[in-house]
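First comes the structure, then the notes that go with it.
What follows is calculated from the coordinates using simple rules that are stated; it is not laboratory data. As the structure is a prediction and not an experimental result, all values here were calculated from the model. Heads up, the Cβs are rebuilt from the backbone with ideal geometry, glycines too, and the neighbour counts pull from every protein chain shown.
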Amino acid sequence: MVARYYFECVLKEKKREAEGLFSIILQLNERKAVSRMKPGRFVMVWLPGIDEFPLSPSSYSYEDATLRLTFKVRGEGTRALASLNPSDKIFIRGPYGKGFTIPRHDVSQRGGVLVLGGGVGIAPLLPLVKVLASSFLKLYVICGFRRAGEALFIDELSKLVEGDLIVATDDGSLGLKGTVVDAARELLSSKNISYAFACGPEEMLFILHKMLSDKGIRHQMLLERYVKCAIGICGSCVIDGLRLCREGPVFDNVTLSRLKEFGRFKRSPSGSREFIT
Amino acid sequence: MAVMNLAVVIASLKLRHPIMLASGVLGTTPSMLIKACKAGASAVVTKSLTISPREGNPNPVVVDLRFGLLNAIGLANPGVEDYLIECLENKKAISKIPVIFSIAGFKVDDYVKAASLISERGLAKALELNLSCPHVHETRRFSEDPKLTAQVVKAVSAVTSLPIFVKLGLTTDLMEVVEAAVKHGASAITAINTIRAMAIDIRAKRPVLSSIYGGLSGPAIKPIALSVLYELYEEFDVPLIGVGGISRWQDVVEFLMAGATAVQVGTAVYKKGLKVFRELVSGLRRYMEEEGFRDVKDLIGIAH
C-alpha cells in the first residue's frame, strides 16, 4: 500500500479580501481531506518548485469538497499563492494538528463565549465562530486590525453574531479606536464571559492570556510556528517540548501558562530563537 | 524473579538499557531531548550541529511512504554555539541526562571546532560524528573516502576526551571507512544513516522533496541496516550502535544478536510517539525472561 503524497486541488475562486490579504477557494476531487477538517486544524499547501507552508482554512465544506484559504502575502510562497488563477492546480496534505475543542454546554451556561482575532488571525477562527454560533446562546466576537483597509470578514462575522461583533482598529478608521486587547478589557468589565478563543500576533495573545487567566476565564489559543514536516518528527515547531503540529496548534490556558517560550520567542527555520519582544 | 541486567557500556558512556533516541528526530531543541529521556530513552542524540546556523532545505522536506519515511531536512540546526547556550539555560535538566552531541561539517576543521566547543561546555557524554548525511554531499563525502574519515576522526580525537561515535551510511567502501575510523580513534560505530532515495508526485509530475533526493528511514531499511551491523561485527572489534528502521522490540533483539551493543530509534517515534521507548524496553525484558537471559550483554552478537 503506497500512500498518496498530496491531494490535488483546483483553484475555483480567488478574492482579494483586503490590503495584501487574499482568499482562494480550492476544489478537491475527493472529500477525504475535508472530512477530517475541524476548526483550528491546518493543511500543508504545496506549490511545486516554490514552497510548502501551513495554513488553517477560513472555511470548508464537506458537501462541496472545498476549502477556503485566507492568507497575508508575506513571502515567496504566499505571493505565488496570491498570483494563482482559477483552474490552476495546487497540492495539499493534511489536515494536521488538534484544532479547537468546543467547550461543554455547562461551561457556556455560566456566561458568554468570546472569540478574539487579531489581523489575519481571524481567518482560522471563522469555522469555529460558525460552530459556536449554531450551538451557543451568547457569543461575542472581537476582531482588530491596524486600519480599515486591512479589515476582513466583517460581513461574514456580522451575519453569524449580529450585534455582538466588535471591530477595533489601531487608527480608529473602522469601529472602535484601539486594539483587540483594549476592546477585550472593555467587554470583560461589563459582560459575564466564561470561555474564550483567540488567534493573532503572539504579543497580543500573550497579553490576552494574562488578562483572561487573571479573571479565571478558561481559553484556547491558536499559535503559529515555523512548520517543516507537519507530522511530528523534525522538531522545528516545538514549543517547550510540545510539537505545534501534533500537540497544537491550539493550546488551552493550562498548557499556555506552563509554556516558557510562549510570548517570548519563535524559532527560525534553523531552530535559532527569534525573540518577540 | 531473577534480577535482570539491561545496562550496557560504550566506552565511558553507561546506558541503563540499550535503546536511545537517534539523531535528527525531535532533537532540534533541548526541551525535546529532556522529554525523550523522560519518556524512556536511555540516551539522546542531538540533531547534527554545524558551526554556523543552517536553515536546511526549503519545504517540502519529508514524505511519509508508510513503509518508511523520506526526509531531506538538510541539517537544519541553530548552530553549535546557540544550541549550547540553550542547553546551558536548561543545565540542571540537561546535565542529568546522557546527551550525545551529533556534529556535521563540510571540512575537517568544522568538526574539530564544534567538538572542542562542545567538550569545553561539559554537557556532552559522547560525540557522534555524522559523516554520512545522504543528501548533503559535503558531509557525505567524509564517509565515502577512508582517507577523509581518518583525517576527521584523528583530528577530533586530538581535541576531546569524550567517546567518539562515527555515524556511517551505506557506502561501497564501508569496510575500509570503518577500518580508518577505528584505527584513528572511533570509540564506536553508529550504522546506518538513512539511504539516499526519492519520491515523485505523479499529479504534480515532479519530485516531492525540494532537494530531489533525501534519505530513507523506517521499516523499509531495517533488513539492510541489520546486514551491515552483522558484517561489521564479523570484521571489527569495536562497539556497534545499530540504527535503521527499528520499530518493534523484535527488531531490537535482532540488532543485538547481529552485534549491536546499543540501538537508536528514530522513525518509530513518529509512527508510535515517544511511548515507543517503554514499549521496546518492556518487550526486550519480556523476551529475555522467556528465553532465560539474565544480562542483555549475553545477547550481543549471539547470532554469529
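Details
- In this simple spin-label approximation, A:E30 and B:K38 carry label points 7 Å from Cα along the Cα→Cβ vector, and these lie 3.9 nm apart.
- The local environment of A:R16, defined by Cβ-Cβ distances under 13 Å, has a net charge of -1 under the rule Lys, Arg +1 and Asp, Glu -1.
- Percentage relative contact order, region A:7-96, counting C-alpha pairs under 8 Å, at least six apart: 40
- Computed over chain B: relative contact order in percent, which uses C-alpha pairs under 8 Å that are six or more apart: 19
- For region A:17-43, backbone nitrogen atoms closer than 17 Å to the point 7 Å from A:R4 Cα along Cα-to-C-beta are found at A:26-37, A:43.
- In order through region B:112-128: 3J(HN,Hα) via Karplus (6.51 cos²θ - 1.76 cosθ + 1.60), integer Hz, x for Gly, Pro: 5, 4, 4, 4, 6, 4, 5, 4, 4, 6, x, 9, 8, 9, 6, 10, 10
- Cβ-based exposure ranking for A:S87, A:S135, in which fewest neighbours within 10 Å come first: A:S87, A:S135
- Dipole of region A:81-132, positive direction: furthest Cα of A:S87, A:G121, A:G97, with charges on the beta-carbon: A:G97
- Per-pair calculated FRET efficiency, R0 = 30 Å: A:D106 and A:V73 via Cβ, rounded to 0.05: 0.10
- Beta bridges by DSSP in chain B, antiparallel share as percent, to the nearest 5: 35
- Computed over the alpha-carbon pairs of the protein assembly as shown, the distance histogram in 20 Å steps reads 20, 48, 27, 5 percent, short to long.
- DSSP-defined antiparallel bridges as percent of all bridges, region A:105-275, nearest 5: 25
- Helical runs assigned H by DSSP (4 residues or longer) give the protein assembly as shown a calculated mean residue ellipticity at 222 nm of -8500 deg cm²/dmol, each run adding -39500 (n - 2.57) before division by the residue total.
- For B:E234 and A:S268, a Förster radius of 45 Å and the Cβ-Cβ distance give a FRET efficiency of 0.50, rounded to the nearest 0.05.
- Rounded to 0.05, the FRET efficiency of the A:E13 and B:S161 pair, given R0 = 51 Å and the Cβ-Cβ distance, is 0.20.
- By the Cβ distance rule (another cysteine Cβ under 4.7 Å), the unpaired cysteines of chain A are A:C9, A:C143, A:C199, A:C237, A:C245.
- When DSSP beta bridges are restricted to pairs lying wholly in the protein assembly as shown, around 50% turn out antiparallel.
- The 3J(HN,Hα) values that the Karplus relation (6.51, -1.76, 1.60; θ = phi - 60°) gives for region B:149-155 are, in residue order, 4, 4, 4, 5, 5, 4, 5 Hz. Gly and Pro appear as x.
- Given A:K98/A:K210; A:K228/B:K14; A:K15/B:K35; A:K130/B:K275, the pairs whose alpha carbons are separated by over 32 Å: A:K228/B:K14; A:K15/B:K35; A:K130/B:K275
- Residue order, fewest to most beta carbons within 10 Å, for B:T190, B:T139: B:T139, B:T190
- Contact order normalised by residue count of chain A, Cα under 8 Å, 6+ apart, percent: 16
- By average C-beta atoms within 10 angstrom, highest first, the peptides B:255-264, A:178-187, B:211-220: B:255-264, B:211-220, A:178-187
- Label-point separation in nm, B:I200 to A:N85, each point 7 Å along Cα→Cβ: 2.8
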